[in-house]
Structures are given as structure tokens and as C-alpha cells.
Amino acid sequence: MYRLVDRRLNGKNKSAVNRQRFIRRYKGQIKKAVTDAIAGRSITDIDSGEKVSIPSKDISEPTIYHGQGGRRDIIHPGNHDFVPGDKIPRPRGGKGNGAGNKANNKGEGSDDFVFELSKEEFMEFFFEDLELPNLVKTKLATVYEKSKSRAGFTTAGVPSNINILRSMRSAQARRISLRNPYRKKIKEKEKELELLLRAVLKDDSAILLLEKEIEGLKRKRDAIPFLDTFDLRYNNRVDIQKPTTQAVMFCLMDISGSMDQKKKDMAKRFFILLYLFLNRNYEKIELVFISHHTIAKEVSEEDFFYSRETGGTVVSSALHLMIKIAKERYLEDEWNIYAAQASDGDNWHDDSPLCKKLLEEEIMPFVQYFAYVEITPQNHQSLWYEYEKVVSSYPNFAMQQLHDLADIYPVFRELFSKEKET
């Protein structure tokens with residue numbers, strides 16, 4: 001019989017198993033809290049945890065008590081109204097006779113149970129509605145650190161980074177350069193000694209001096225260390241700096257009367273997902289919100305998602321404003337420009353060809369990616385058919401019709417595949 005023991009440590013003295021069991025049990029309440037949090041958060045504040053409040057009545061559990069067996073008739077002391085066999089009526093409600101709706105100083109209330117979701121758990125519930133594959137969830141939710149890259153050698157470092165081959169080469173070069181002067185002097189003295197030994201009249205004192213001098217030179221030559229701390233070479237590693245560090249994300253949306261709050265909430269999920277994707281690749285991201293009906297204007301995120309206007313729709317006004325802002329504030333050689341447009345497809349019929357022309361001639365040449373989502377269960381209108389012509393000419397343009405949250409992913413499947421190809 002085998003016994004498996006999980007000895008993995010739980011963070012901050014919490015039971016990970018019990019925590020996951022609790023999340024699965026109250027998934028409905030937590031999911032609703034996450035949805036409400038997304039509606040109230042900014043796009044840039046999406047990747048943090050959340051406090052979830054669960055009513056205490058929802059987490060109460062049935063309890064079994066052991067009561068006294070058999071049949072017992074009891075008359076409590078001090079009773080003057082009842083005799084054995086009487087039935088006690090239920091308390092009447094209203095007007096102070098039982099449970100009323102007025103405040104009183106009796107009884108105690110019950111507080112809600114507050115449960116805090118971590119960043120990873122919050123993002124898991126956010127991705128679940130969008131039906132993203134696990135691989136994509138992992139790529140978007142993971143915080144990537146700068147990777148190290150080999151950058152030559154250095155003379156200082158830790159022992160684990162010593163490069164043995166380079167160190168030995170350095171030691172050999174040092175030994176050769178330091179021994180050469182001694183080697184030359186030894187050869188010269190040995191020639192002198194040889195001439196003295198061949199001479200007819202030998203000078204014993206001069207021979208002894210030369211022999212001692214040669215011996216001293218050899219000792220100095222041999223005293224040169226085989227390896228010195230000066231010879232040590234260490235592998236040098238540096239952080240890779242990303243070639244592009246900043247991006248701007250243009251968010252364009254129709255805020256006319258036909259774009260209700262439900263459609264805007266779906267658009268917000270789409271914009272959030274694009275922001276998370278860009279956040280993986282760029283250190284600095286700026287957001288520009290452009291709303292439009294017949295005219296376009298740059299607005300705050302609050303006005304972008306919650307203001308509604310009446311009247312017609314002219315999409316080209318938003319594209320014109322985007323071009324103007326990009327040329328004034330975001331130079332093409334300094335910024336990576338992305339754009340996402342959300343609409344219900346309603347547009348003035350004569351304006352759709354102009355939108356196609358603006359995309360092909362002015363916008364698509366300088367943007368990294370342009371994504372268009374049409375949030376409507378109805379048939380496509382003229383804007384969709386004009387945009388279809390742009391898809392065939394520019395691979396960095398994607399479009400998708402959204403019926404519900406699960407339809408958002410196909411656009412990002414294309415976006416991830418394009419990233420892989422590049």
C-alpha cells in the first residue's frame with residue numbers, strides 16, 4: 001500500500017486545498033463580485049486582487065444535534081396561561097408584534113463574510129467568461145521579468161560564474177609575458193659561462209658568480225605563479241532591454257443611443273484583454289479614449305463607458321480624430337500604435353466608404369495592429385462590408401462580430417498567431 005504525502009508549503013500559513021474548495025463552493029457569488037468589480041474598475045487597474053463579500057446566510061451550514069428521546073410533557077415554572085395539550089400560536093408580524101420593518105435596540109445583526117481574492121484568482125475568473133485556452137490565460141496573467149543575456153567577460157564576479165578556459169588563457173599569456181625577460185637573460189649568461197669555461201685561463205671566481213646569477217634568474221622565472229587572481233575571468237550577464245518600450249492604445253467606440261450598457265460592458269472586456277496583451281510586451285502603455293456619434297471627441301474612461309448620446313452615427317469622425325492625435329502626440333518612430341474599435345455596426349451609409357479609405361491610406365500604414373469588433377446579433381451593415389475589403393490588403397487588421405463574451409477570443413487567437421509568426 002502506497003501513501004502519498006503532499007509536503008508543499010502553503011503561503012502565509014493558509015491552506016491552499018481548503019481555499020480552492022471554498023472558491024469552488026461559492027463560485028457563483030465570487031463570479032458575480034468579479035463582474036461587478038470589472039464594471040467599476042479602470043482598464044489599467046484590472047490586474048489586482050479583489051475583496052468579495054458573501055452574505056453570512058449563504059455560508060451557513062446545517063448542524064445536527066442529539067435531542068432527548070421519547071415523548072415528554074413539560075410545564076415550565078412561572079406559566080399561568082397554558083396547560084398540557086395547548087398549542088402555542090406563532091408570533092404575529094407587523095405593527096410591532098413580531099418581525100417589523102422599524103429599527104429597534106433588540107437582537108444582533110450578522111455581518112457579511114469578506115473573502116479576498118488574489119491577483120491570480122481574480123484574473124482566472126475574468127478569463128473564464130471569455131473562454132480563453134489555458135495557454136493564453138497563462139501568457140496574459142504571468143508577470144514576465146527581464147531575461148539575462150551573455151555579454152562577454154569581466155574580471156570580477158562570483159565563483160559560480162568563473163570561466164575556466166578564459167582564465168587559463170589569461171594565465172598562460174601572463175606567464176609568457178613575464179618569463180620572456182628572464183629567459184633572454186638566462187640565455188645570455190649561459191653563453192658567457194660557456195665562453196669562460198672554454199678559455200685557457202679559467203677565472204674560477206667569475207664562473208661562480210655567473211652560475212649564481214643564472215641560478216637566481218631561474219628561481220625568479222620559476223617563482224611566477226601558475227594562476228593568479230588577476231587571471232580570473234567571469235561570465236558577464238546583463239538584462240536584455242526590449243527594443244520597443246512604449247505603446248499607445250487607441251480605443252474608439254460609438255456612444256449613440258443604440259449602444260446600450262450591455263454592449264459597452266462587452267466592449268470593455270475586449271479593451272481590457274487587448275491592454276493585458278500589450279502589457280506583456282511594453283513597459284509603458286498610454287490609453288486614448290475617443291467616443292463618437294455624429295462628431296468625435298477625446299474623453300475620460302468614465303465618460304467613454306458610461307455616457308450615452310442620441311442622434312446618428314458618423315464613424316469617420318473618430319478615425320479623423322485618431323489620425324490627428326497620433327500625428328501630434330505619438331511619432332511613428334517612437335511609439336508602437338495599436339487601435340481597437342467597438343461598434344454596433346450602425347453608421348451613416350455614405351460614410352462607410354470614407355472609413356475604408358481612411359484606414360487604407362492613412363491609418364494602417366502606421367499602426368501595429370487594428371482590431372474591429374461589431375457587437376450586434378443582427379445582420380452586418382455597410383461598415384462591416386467595407387472593412388472586409390481592408391482585411392484582404394492588410395494582415396495587421398482583424399475584425400469579429402460579438403454575440404456574447406465567448407466571441408472575443410477569436411480576435412486574440414489571430415493576434416497571438418501573428419505574434420508567433422513575427
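Since every read-out is calculated from the coordinates, none of them should be taken as a lab result. Everything numeric here is computed off the predicted structure, so don't read it as measured data. With ideal geometry, Cβ positions are generated from the backbone for all residues, glycine too; neighbour counts draw on all protein chains shown.
Brief remarks follow.
- Residues whose amide H falls under 5 Å from that of residue 237, counting only those 5 or more places apart or on a different chain, are 151, with hydrogens built in the peptide plane.
- Built amide H within the under 5 Å cut-off of residue 341, gap 5+: 252, 371, 372, 373
- Where labels lie 7 Å past Cα in the beta-carbon direction, separation of residue 206 and residue 360 in nm: 10.3 nm
- Extension gain, residue 20-residue 198: 0.36 nm per intervening residue step, less the Cα-Cα distance, totals 54.3 nm.
- Segment residue 179-residue 215, extension gain: residue separation times 0.36 nm, minus the distance between their alpha carbons: 11.5 nm
- Three-way shape label, the stretch 159-236, alpha-carbon gyration tensor, a/c 1.5: prolate
- Potential lengthening of the chain between residue 332 and residue 124 amounts to 71.4 nm, from the contour at 0.36 nm per residue minus the alpha-carbon distance.
- In terms of overall dimensions, the stretch 246-421 has a Cα radius of gyration and Dmax of 14.8, 43 angstrom.
- Simple spin-label estimate for residue 260 and residue 389 gives 3.3 nm between the two label positions (7 Å along the Cα-to-Cβ direction from each Cα).
- Efficiency of FRET between residue 151 and residue 404 - r from beta-carbon atoms, R0 45 angstrom, step 0.05: 0.35
- Here the Karplus relation 6.51 cos²θ - 1.76 cosθ + 1.60, evaluated at θ = phi - 60°, turns the backbone of the stretch 338-355 into coupling constants of 10, 9, 9, 10, 10, 7, 8, x, 6, 8, 4, 4, 6, 8, 4, x, 5, 4 Hz, with x for every Gly and Pro.
- Couplings 3J(HN,Hα) for the stretch 219-228, derived from phi with the Karplus relation 6.51 cos²θ - 1.76 cosθ + 1.60 (θ = phi - 60°), are 5, 5, 4, 6, 6, 5, x, 5, 9, 10 Hz, where x marks Gly and Pro.
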